[in-house]
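Chemist: Provided herewith is a single structure, encoded as structure tokens, for subsequent inquiry.
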Amino acid sequence: MQTIDIIVPVYNEEACLNQTIERLLNLKEKFKGKLSVSYIFVNDGSKDKSAQILEEFAKKDKSVKVINFSRNFGHQMAITAGLDYSKADYSAIIDADLQDPPELIYDMYEKSLEGFDIVYGKRLKRESETAFKKLSAWGFYRVLKSLCNIEIPTDTGDFRLITKNVREAFNKMREKHRFIRAMVPWTGFKSAPVYFNRSERFAGETKYPLSKMLKLAFDGIFSFSFKPVDLIFVLSAVLFLTSLVILGFGIFDGFEEEFLICFTVFLVGAINLLALGILGQYIGRIYDETRNRPLYIVKNSINL
Ligand code: UDP
Ligand code: MG
């Protein structure tokens, strides 16, 4: 029989985990006679009881596999580790907080049988997420789409099912700054969406504070696009033209001298810093790549 690994990144999810694992285990029944189901929980350095809960389930059921990281390496690294360890015909990725309905993985599998190697969950509604999160996510996916040359589906997270072919291609990509929802389509395999309404977190708080959201957004933009560098050229042209205009005004002495000096110093200063910041983003990424550190460190594993 063919197999599927369900990969679940876990960070301080003690409030959800029991419920999530129960719901995921029910999938075995749904896939009966079609796919044999295993689970790879990647505990991303949780400080709460997540590790103990996972261990208990793993002791009772050999299909529950656990990878414990030595510390918190982040959501994208947890998914990467799960995909590295997955050996099944299909791999599915799902969050631990039941915002993504586990049962949809079955629909993804059925869709893949129509000849798709990537089936991703596309969000229709986002229940009870803050207006800020909804607006920033809406804007971000659209900005990213205009910046990058690859087709990144909008309103789509990492909740998806991929075939072994896609996984093997993906696992060859070892870049340090990872934006998985764009790296998967980069592989070029045929993809299709299944739609769902994103519900509330079952329990607990989001593990994605603004700082982590910004890091992910920056990885999406700077790891997939050189357009910000083009922006520097555009800005320098705008600045040059502005300086000509200021010069013109200066000649006719229409403005006070202090105003002109102040305005010019601030404008040039700000644009210079922006340009340096943009270049810095790329240089930092080059630095991280050359150091060639491992993407994550596994402390121990269970049933693997
Ligand atoms: N997560 C993780 N490492 C982190 C942050 C989050 O493994 O550093 C996991 C988390 O346990 C959850 C998933 O990534 O399974 C998505 O996180 P969350 O639900 O908090 O994000 P949101 O849905 O609020 O964007
Ligand atoms: Mg969530």
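Chemist: Return the total of residues in segment 253-285 being under 18 Å from I221 (Cβ atoms) and among the hydroxyl-bearing types (S, T, Y).
Modeler: The qualifying residues number 1.
Chemist: List the number of the failed condition for K207; all other conditions in (1) within 16 Å of ligand 2 (Cβ to nearest atom); (2) in contact with a helix residue (DSSP H, G or I) (Cβ under 6 Å, 6 or more places away or on another chain) hold.
Modeler: Of everything listed in (1) within 16 Å of ligand 2 (Cβ to nearest atom); (2) in contact with a helix residue (DSSP H, G or I) (Cβ under 6 Å, 6 or more places away or on another chain), K207 misses just condition (2).
Chemist: I would also like to ask the following. Quickly run through segment 277-301 and pick out the residues that are of a type in the set (A, V, I, L, M, F, W, C), assigned to a helix (DSSP H, G or I) and more than 18 Å from A237 (Cβ to Cβ). Let's see the steps before the verdict.
Modeler: Kept after step one, since they are of a type in the set (A, V, I, L, M, F, W, C), are these residues of segment 277-301: 278-279, 283, 286, 295, 297-298.
Adding the requirement that they be assigned to a helix (DSSP H, G or I) leaves 278-279, 283, 286.
I283, I286, listed by residue number.
Chemist: Criterion first (touching a Leu at 6+ places or on another chain (Cβ under 6 Å), modelled with pLDDT of 95 or more and under 22 Å from W186 (Cβ atoms)) does M173 satisfy it? Give the derivation first.
Modeler: On the way: touching a Leu at 6+ places or on another chain (Cβ under 6 Å): no; modelled with pLDDT of 95 or more: yes; under 22 Å from W186 (Cβ atoms): yes.
Spelling it out, it is not the case that M173 is touching a Leu at 6+ places or on another chain (Cβ under 6 Å), modelled with pLDDT of 95 or more and under 22 Å from W186 (Cβ atoms).
Chemist: Regarding F73, is this residue of a type in the set (F, W, Y), part of a loop (DSSP other than H, G, I, E, B) and either within 11 Å of ligand 1 (Cβ to nearest atom) or under 21 Å from the mean Cα position of the chain (by Cα) (or both)?
Modeler: yes
Chemist: To continue, here is another question. Among the residues of segment 44-70, count how many are within 13 Å of ligand 1 (Cβ to nearest atom) and assigned to a helix (DSSP H, G or I).
Modeler: Matching residues across segment 44-70 total 4.
Chemist: One residue is enough: does segment 204-211 have a residue meeting the conditions within 16 Å of ligand 1 (Cβ to nearest atom) and part of a helix (DSSP H, G or I)? If you could, list the steps in order and put the result at the bottom.
Modeler: Here is the first cut: in segment 204-211, the residues within 16 Å of ligand 1 (Cβ to nearest atom) are 204-211.
Next cut, part of a helix (DSSP H, G or I) only: 210-211.
Scanning segment 204-211, I find at least one residue that is within 16 Å of ligand 1 (Cβ to nearest atom) and part of a helix (DSSP H, G or I), so the answer is yes.
Chemist: Listed residues L124, L144; which is aliphatic (A, V, I, L, M), farther than 19 Å from I40 by Cβ and buried (at least 19 other Cβ atoms within 10 Å of the Cβ)? First the steps, then the outcome.
Modeler: Working: L124 fails: buried (at least 19 other Cβ atoms within 10 Å of the Cβ).
Going through L124, L144 in turn, the sole match is L144.
Chemist: Does R160 qualify as being within 15 Å of ligand 1 (Cβ to nearest atom), in a strand (DSSP E or B), of a type outside the set (S, T, Y) and within 24 Å of P102 (Cα to Cα)? Give the steps one after another, and end with the answer.
Modeler: Working: within 15 Å of ligand 1 (Cβ to nearest atom): yes; in a strand (DSSP E or B): yes; of a type outside the set (S, T, Y): yes; within 24 Å of P102 (Cα to Cα): yes.
Against the criterion (within 15 Å of ligand 1 (Cβ to nearest atom), in a strand (DSSP E or B), of a type outside the set (S, T, Y) and within 24 Å of P102 (Cα to Cα)), R160 qualifies.
Chemist: For segment 185-203, what are the residues that are of a type in the set (F, W, Y), away from ligand 2 (no atom under 14 Å from the Cβ) and assigned to a strand (DSSP E or B)? Step through it out loud before you land on a result.
Modeler: Start the filter on segment 185-203 by keeping residues that are of a type in the set (F, W, Y), which leaves 186, 189, 195-196, 202.
Of the ones still in play, those that are also away from ligand 2 (no atom under 14 Å from the Cβ) are 186, 189, 195.
Residue satisfying the conditions is Y195 alone.
Chemist: Continuing with this model, one more query. So, R181, is that one at pLDDT below 95, under 13 Å from the mean Cα position of the chain (by Cα) and crowded, with 20+ Cβ neighbours inside 10 Å or not? Outline the logic, then answer.
Modeler: Numbers: at pLDDT below 95: yes; under 13 Å from the mean Cα position of the chain (by Cα): yes; crowded, with 20+ Cβ neighbours inside 10 Å: yes.
Judged against the criteria, R181 is a match.
Chemist: Filtering segment 185-203 down to residues that are within 16 Å of ligand 1 (Cβ to nearest atom) and of a type outside the set (D, E, K, R), which residue is farthest from G121 (Cα to Cα)?
Modeler: Filtering segment 185-203 down to residues within 16 Å of ligand 1 (Cβ to nearest atom) leaves 196-203.
In the following step, the residues that additionally are of a type outside the set (D, E, K, R) were identified as 196-197, 199, 202-203.
On the way: F196: 7, N197: 9, S199: 13, F202: 18, A203: 21 Å.
It comes out as A203.
Chemist: Additional query: Just to check your reading of the model, which residue among L104, L113, L135, L144 is away from ligand 2 (no atom under 16 Å from the Cβ) and over 19 Å from the mean Cα position of the chain (by Cα)?
Modeler: Values: L104 fails: away from ligand 2 (no atom under 16 Å from the Cβ); L135 fails: over 19 Å from the mean Cα position of the chain (by Cα); L144 fails: over 19 Å from the mean Cα position of the chain (by Cα).
Every option except L113 fails the conditions.
Chemist: Can you tell me which residue among N26, N18 is touching a Pro at 6+ places or on another chain (Cβ under 8 Å) and more than 12 Å from ligand 1 (Cβ to nearest atom)?
Modeler: On the way: N18 fails: touching a Pro at 6+ places or on another chain (Cβ under 8 Å).
Only one candidate qualifies: N26.
The values are calculated or read from the model by the stated rules, or taken from the named source; none is laboratory data. This structure is a prediction, so every number in the text was calculated from the model and none was measured. Virtual Cβ from ideal backbone geometry, glycine too; neighbours counted across all protein chains shown.
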